[in-house]
1. Of everything in region A:14-52, what is under 16 Å from A:Leu131 (Cα atoms) and part of a loop (DSSP other than H, G, I, E, B)? Give them in sequence order.
2. Here is a check on your reading of the model: is B:Ile109 under 19 Å from C:Ile11 (Cα atoms) and either in contact with a Pro (Cβ under 8 Å, 6 or more places away or on another chain) or more than 9 Å from every other protein chain (Cβ to nearest Cβ) (or both)?
3. Criterion first (at pLDDT 85 or above and more than 14 Å from C:Val49 (Cα to Cα)) does C:Met124 satisfy it?
4. Out of C:Gly145, C:Gly87, I need the residue that is surrounded by fewer than 16 Cβ atoms within 10 Å (Cβ to Cβ) and either at pLDDT below 75 or facing another protein chain (nearest Cβ under 8 Å) (or both). Which one?
5. Yes or no: B:Asn94 under 30 Å from A:Pro79 (Cβ atoms), more than 11 Å from every other protein chain (Cβ to nearest Cβ) and at pLDDT below 95?
6. Can you pull out the residues in region C:26-43 that are within 19 Å of C:Ala121 (Cβ to Cβ) and crowded, with 24+ Cβ neighbours inside 10 Å?
7. Restricting attention to strands (runs of 3 or more DSSP E) lying wholly within region B:107-162, give those where 1 or more residues are closer than 20 Å to B:His77 by Cβ.
Amino acid sequence: MADNVDDKVTIVVCSGEYDKALAAFLFATIAASMGKEVIMFFTFWGLNVVKKPKGFPRTGPIFKRIFNLINRDNVNHLPLSRFNFMGLGRLIINLRMRKSKVANLQQLIEMARELGVKLLACTMAMDLMGLTPEDMIEGVDEYAGASTYFDIAFDSRVNLFI
Amino acid sequence: MADNVDDKVTIVVCSGEYDKALAAFLFATIAASMGKEVIMFFTFWGLNVVKKPKGFPRTGPIFKRIFNLINRDNVNHLPLSRFNFMGLGRLIINLRMRKSKVANLQQLIEMARELGVKLLACTMAMDLMGLTPEDMIEGVDEYAGASTYFDIAFDSRVNLFI
Amino acid sequence: MADNVDDKVTIVVCSGEYDKALAAFLFATIAASMGKEVIMFFTFWGLNVVKKPKGFPRTGPIFKRIFNLINRDNVNHLPLSRFNFMGLGRLIINLRMRKSKVANLQQLIEMARELGVKLLACTMAMDLMGLTPEDMIEGVDEYAGASTYFDIAFDSRVNLFI
C-alpha cells in the first residue's frame, strides 16, 4: 500500500468559480503528467464545474426549479471569484491563457480525461442540488459518496481541498 | 504512530460561510462514521461556525464592539458563499436538505459531537476577533493554538483546509 | 525519506485576500517555529500576496495592462474575503492584531523569511497574469511550476491549499 500512497493525489473541488476550477484542473493535469494517479471529487458548487449547460428548468419540484434557476452555472459558464465584471474578467483570463498557450478549462478537462484523471461527482451534493447523472458532462467517471472519497484519500499522499 | 496516522483526519475551517461549514461537517461526520478520528480546527471566520448567537455588543473596547457589530454571524446565521440573496439561498438549501433527508448544520454539529468529532477553536484568532470561550457554543472541546493543530496534523493521513 | 516527510509542510496560496494570506502566513510561521520545513507556493490570486505595489501600467500589451489595472492588489493592499467595507475591515483587523500583539502581514512575511520559510511563485500563473520576477517582492525564493510543488508535496506530511 505504501507504494500506492506515493502515487496518488486527490483534489476535492468544492468551489464553482472559474479560477478555482482552472487551478484544480491545472494541478490535476500536471500531477497526472508526472505519472501520479489523480482523483477529483466534485461536491457542492464544484458540481457546476462538471455540469452540462442547459435551458431554464420547466419541470420538477418548485424549489428544485428555483434553485436551478439561480444556479445556472455550468462547465461553459462559471464566474470568477474576483474581478468578474459580468464575464469580462474571464474573457481576459482566457485571452491571456491563449497568449500563454495555457489550455482553457474545457481543454483542460479533456486533457485531464486523456491523462486518466478520474472525475467523481458527490451523490449527496447532487441530491441536495437536485442534479441527476443526466445533468453532468460525459467525462464524469463515477457517482460516489464522501466515504468513497475518504477511502481514496486515506490511500493518497497529497489531498487538496479547493 | 503509523497506525494512528491511518485513522486520523484534520479539517481546518477557515471560512465562515454556511455552505463551506456544511461541507466541513458533512465530511467530518462521514469520516467519523467510517471509524476515523476527526479533529476540526476553527480559525478566522470559521470561528463564526461555532459562535453562539448574541445581541449587539454593549460593552468592551470600541474596536471589539465595531468588529462584533459587523461580524454578527453565528452558528444560526451564516451567509452562503454564493447565491446568498439575503438568506433566500440558505432557505432553499435547507429545504432541499430536508427533502433529501440530509441533516442541517445544527443537526450535523450535534451528530459530529455524538460521533466523537473533536472541535478545537483557535485561541489566536479568537483573541484577534475579540472572542472568549463564553462566546462559543457548548460543543467546542478545546481552545488551542495552531501548534496544537500541527501536532495533530503531522500525525494524520488526511488534512483538509476548508 | 520517511524522516523528511515528518518535517515538511506545504501551503498553496491560491487566494489573494488579506485574511486568507494572514492565515497562510500565521500557519507557516507557527509550523516553522516548531522546526518544520515550510514551503509556500503562490499561484493565481495568491500571487498578489507577494506582488510589489506599483503604479498604473503604462506599457506592454493592452490586455496585460487592462488586467493589471483591474488587479492592482499587492502585498500592501489586499481585500478581505468578508466585511471589506472599502478597507475598513482590514483596518480593524490590523488594529485588533496590534492590540493582540499579533504581527501584521508584512511583519509575518518578514518573520517567515527569517524562520526559513521558502516562498515559491508559480511561473505558469505569473505568465497568465502578465507578471515577471521584477513585479514580485524580494522575499520570493524561487520561480517554479506546479510540478516542483508536487515533488515537494509528495515528500511532505501536511499539504494545505488555502
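The values are calculated or read from the model by the stated rules, or taken from the named source; none is laboratory data. None of the values given here were measured: they were computed from a predicted structure. Positions of Cβ are backbone-derived with ideal geometry, glycine not excepted, and every protein chain shown enters the neighbour counts.
1. Going residue by residue through region A:14-52, those that are under 16 Å from A:Leu131 (Cα atoms) are A:14, A:16, A:41-52.
A:Cys14, A:Gly16, A:Thr43, A:Lys52 - these are the residues of region A:14-52 that are under 16 Å from A:Leu131 (Cα atoms) and part of a loop (DSSP other than H, G, I, E, B).
2. Details: under 19 Å from C:Ile11 (Cα atoms): no; either in contact with a Pro (Cβ under 8 Å, 6 or more places away or on another chain) or more than 9 Å from every other protein chain (Cβ to nearest Cβ) (or both): yes.
So B:Ile109 does not fit the description; no.
3. Details: at pLDDT 85 or above: yes; more than 14 Å from C:Val49 (Cα to Cα): yes.
Yes, satisfied.
4. C:Gly87
5. Numbers: under 30 Å from A:Pro79 (Cβ atoms): yes; more than 11 Å from every other protein chain (Cβ to nearest Cβ): no; at pLDDT below 95: yes.
No; evaluated as a whole, the condition is false for this residue.
6. C:Phe27, C:Ala28, C:Val38, C:Ile39, C:Met40, C:Phe41, C:Phe42, C:Thr43
7. Numbers: elements: B:118-122, B:142-144, B:158-161.
It comes to B:118-122.
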